[in-house]
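Presented below is the structure to which this report refers.
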Amino acid sequence: MNDADIINKAFDSGTLDEPLITQTILKTIAALDQGELQVCTFENGKWLTHQWLKKAILLYFRISKMNLIEMSGYDPSLQHPYKLISWIDKIPVKKWTGTEGVRVVPPAIVREGSFVAKGCILMPSFVNIGAYVDVGTMVDTWATVGSCARIGKNVHLSGGVGIGGVLEPVQANPVIIEDNCFIGSRSIVVEGAHLEQGVVLGAGVTITASTKILDVSGSKTREYKGFIPANSVVIPGTLPKKFPAGEFGVSCALIIGQRKDSTDKKTSLNQALREFEISV
């Protein structure tokens, strides 16, 4: 049996006491940690979610025990190490060597089993197990990248952005943010939403599986759910809805235009919003 078969069988049977199963789980997590395996891959023109990898992560939680995780320092004047801070958890954090080509600003936390590619910058933030963050992406202050989320190349996740994660149910798709997207401050993308390349979200946009995403840039409105087409510029909006107590506005997202050639570069994404008079 290959690794996927071993993981699937163990997940279905609940049998975890065989050495081969433990070895396969640990090998799979190590491969995710190094970017050799990815929960989501683009194949034959579409995104695929490899459910067996999500199962491997869930099994990893089951075989792992609670441990003390310590961050230590060294005081030259006292000439001895000292404990700075500690945690209690099942999953260790990624141990950086300085050879990865990633800037990691304290206290950014990346859990073991997630991958951050060369050229990324992690401000104080959190990346959960199974996530994949591709080359040149900025994860800004207090942004979070949920379990198994797929973040593309040269993406900017602004301050306080929440990218949702998913492990269960195993058939659920993770959030996918394609290359060159800009996600504005305090925006939320969850429940397996998919943003194609070049999408710009203004500050405070919420995208869920059920959020109505209305393209109002043309003469007729087009509606999407859980998906935003390439190069769309999106802002928060509201729709009127009647309730027993009266009519109120409910949240939606409005596609108000497309990025121009002049705003194709990551460094110019703020300008893409300014052209539409939108808050970053």
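The values are calculated or read from the model by the stated rules, or taken from the named source; none is laboratory data. Everything numeric here is computed off the predicted structure, so don't read it as measured data. Heads up, the Cβs are rebuilt from the backbone with ideal geometry, glycines too, and the neighbour counts pull from every protein chain shown.
Key figures
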read-out: Segment 71-124, residues that are touching a residue at least 24 places away in the same chain (Cβ under 8 Å) and hydroxyl-bearing (Ser, Thr, Tyr); value: Ser114
read-out: Residue match in segment 19-36 (condition: surrounded by 14 or more Cβ atoms within 10 Å (Cβ to Cβ), under 23 Å from the mean Cα position of the chain (by Cα), not assigned by TED's automatic domain parsing to the domain that holds Leu167 and not in a helix (DSSP H, G or I)); value: yes
read-out: Residue match in segment 66-73 (condition: in contact with a strand residue (DSSP E or B) (Cβ under 7 Å, 6 or more places away or on another chain), assigned to a loop (DSSP other than H, G, I, E, B) and closer than 24 Å to Ile176 by Cα); value: no
read-out: Matching entry among Lys55, Lys9 (being modelled with pLDDT of 95 or more, more than 25 Å from the chain's Cα centre (by Cα) and of a type in the set (D, E, K, R)); value: Lys9
read-out: Residues (without any contact (Cβ under 8 Å) to a residue 60 or more places away in the chain and not in a strand (DSSP E or B)) located in segment 132-146; value: Asp134, Val135, Thr137, Asp140, Thr141, Trp142, Ala143, Gly146
